[in-house]
Amino acid sequence: MSRAIPKKNRLAVRAEKKDANAALKKVVSLGVFDRSRKVIKRQSHVEIPVLKSVFGYELVMQEEPAFYRRVPDLSHALQGKIPMICIPLLPRGWFILGEVIVVKIHPDLTPYEHHIGQALLDFYPRCCTVLADEGIFGPFREPMRRAIAGSRTRTVHKENKVIFNLDASLVMFSPGNLKERIRMSRIGEGEHVVDMFAGIGYFTLPMAVHSRPRKITAIELNPNAYHYLCQNIRQNRVEEIVEPVLGNCATVIQEGVADRVVMGMVQVTDRYLQKGISALKPGGILHYHQTVPSWRYPEAAISDVTKAAAALGCRAEVLNCVRVKKYSPGVVHAVIDARIDRDFLAEDFI
Ligand SMILES: C[S@@+](CC[C@H](N)C(=O)[O-])C[C@H]1O[C@@H](n2cnc3c(N)ncnc32)[C@H](O)[C@@H]1O
């Protein structure tokens, strides 16, 4: 295999694991990092792909370089089918949920969107439908999407050994939250968890499948999302762990029952904070999601939690702040992990 790949695509700096970060910084700062290839971890060292040699570092010729998969280029596929002036407006990215491709289309491209849809289906023969995405709206966080190629919108998305049945035209699924879904799949063992905004089971299912909590109470208000939540609980065989509840978490949540509360909603989550905190047992852990201006990350989100806790006579100890993704220009989706305890200090002063 290595013989077929040109030498210039196999050059790499070899660094001991302990020096890897410094070497990577150096390579990037010199502008010689080869972004088409992945950094490879070997047993005792790493190989950092480079475009040319770097003074002071050992250079190796990789036997099996690992390339990033290239996103197919729509401009080639659509040449002659849409006016040249529209080519720069073509989407450069999209995401795939099961067999459905979701793509944002520039308004000036609307007359040609069926060509775009067909070209995407040609790129991904296992997909059956392309949906044009116009955003997520309302308290149920519902997507506004229309089919521009194909018509089947129900699909099965598999990720991290979890099965998500969904209708991509009716319920949201955020690919940008993948790391957070994986993080949630590693916690909660043996606990009682309350997922206040369960959706189709974004966090509930990875946690139930991998960490096996004693119980997850998964609350969801939107009947469409609830329908898929129930189907997904059955398909992932976690009926004995997950109890789905159709309703408003503000009214159905119980006080003092949970070891852990997940608040996987953004924008309005602060309105539900006191309910989430009250659901915890003393010493329980809260995962508070919120969108905050990037220049106020993480303080703005931390302050929401500490203020809500104080209002209930509790103390919030921040354990972790996670920057999940860029939400919109200048805004980040953040998660604050906090342990909530009775505020003994306040009690002492009473
Ligand atoms: C933003 S979605 C969850 C997205 C998820 N964090 C992800 O990874 O994609 C939030 C869900 O909470 C539900 N929801 C909104 N308000 C609610 C409430 N008061 N009680 C229960 N569920 C609610 C919405 O219907 C939606 O399905």
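Details
- Given R0 = 25 Å, the distance between the Cβ atoms of HIS76 and ARG35 translates into a calculated FRET efficiency of 0.75.
- Intensity falloff of segment 74-152 expressed as log10 I(q)/I(0), Debye formula with alpha-carbon point scatterers, at q = 0.11, 0.25 Å⁻¹: -0.27, -1.23
- The phi-based Karplus calculation (6.51 cos²θ - 1.76 cosθ + 1.60; θ = phi - 60°) puts the 3J(HN,Hα) values of segment 324-338 at 6, 5, 6, 8, 7, x, x, 10, 10, 8, 10, 10, 10, 9, 9 Hz, whole numbers, x for Gly and Pro.
- Along the axis of the charge dipole computed for the chain (Cβ charges of +1 for Lys and Arg, -1 for Asp and Glu, origin at the Cα centre), the listed residues PRO88, THR129, SER294 are led at the positive end by PRO88.
- HN-Hα J in Hz across segment 178-190 - Karplus 6.51, -1.76, 1.60, θ = phi - 60°, x for Gly and Pro: 3, 4, 5, 5, 5, 4, 5, 6, 10, 10, x, 3, x
- Inter-label distance, GLN254 to LYS17: 4.5 nm, where each label sits 7 Å from its Cα along the C-beta direction.
- Given charges at beta-carbon only (K, R positive; D, E negative), |dipole| of the chain in Debye: 1540 debye
- Note, ³J(HN,Hα) from phi for segment 259-268, Karplus 6.51, -1.76, 1.60, rounded to Hz, x at Gly and Pro: 7, 8, 10, 9, 10, x, 10, 10, 6, 10
- Full-extension gain in nm, ARG342 to SER151, via 0.36 nm per residue minus C-alpha separation: 63.4 nm
- Rounded Å value of the spacing that divides the Cα centres of segment 206-258 and segment 124-176: 21 Å
- Paramagnetic reach from LEU178 (point 7 Å along Cα→Cβ, amide N under 13 Å) across segment 97-115: 97-98
- Spread of Cα-to-Cα distances over 20 Å intervals beginning at zero, given as percent, for the chain: 25, 48, 26, 1
- Pairs from the table (LYS8/LYS38; LYS81/LYS326; LYS161/LYS215; LYS104/LYS326; LYS52/LYS179) lying more than 23 angstrom apart at Cα are LYS81/LYS326; LYS52/LYS179.
- Residue among ASN160, ILE148, LEU120 farthest towards the positive dipole end of the chain, charges placed on Cβ: LEU120
- Segment 227-350: relative contact order in percent, alpha carbon pairs under 8 Å with at least 6 residues between: 22 percent
- Cα-based radius of gyration for segment 2-61, normalised by 2.2 N^0.38 Å, reads 1.03.
Taken together, the values in this text are just the output of simple stated rules run on the coordinates, not laboratory data. In this text the structure is predicted, and so the values were computed from the model without any measurement. Reconstructed Cβ throughout: ideal geometry from the backbone, glycine too, with neighbour counts over all protein chains shown.
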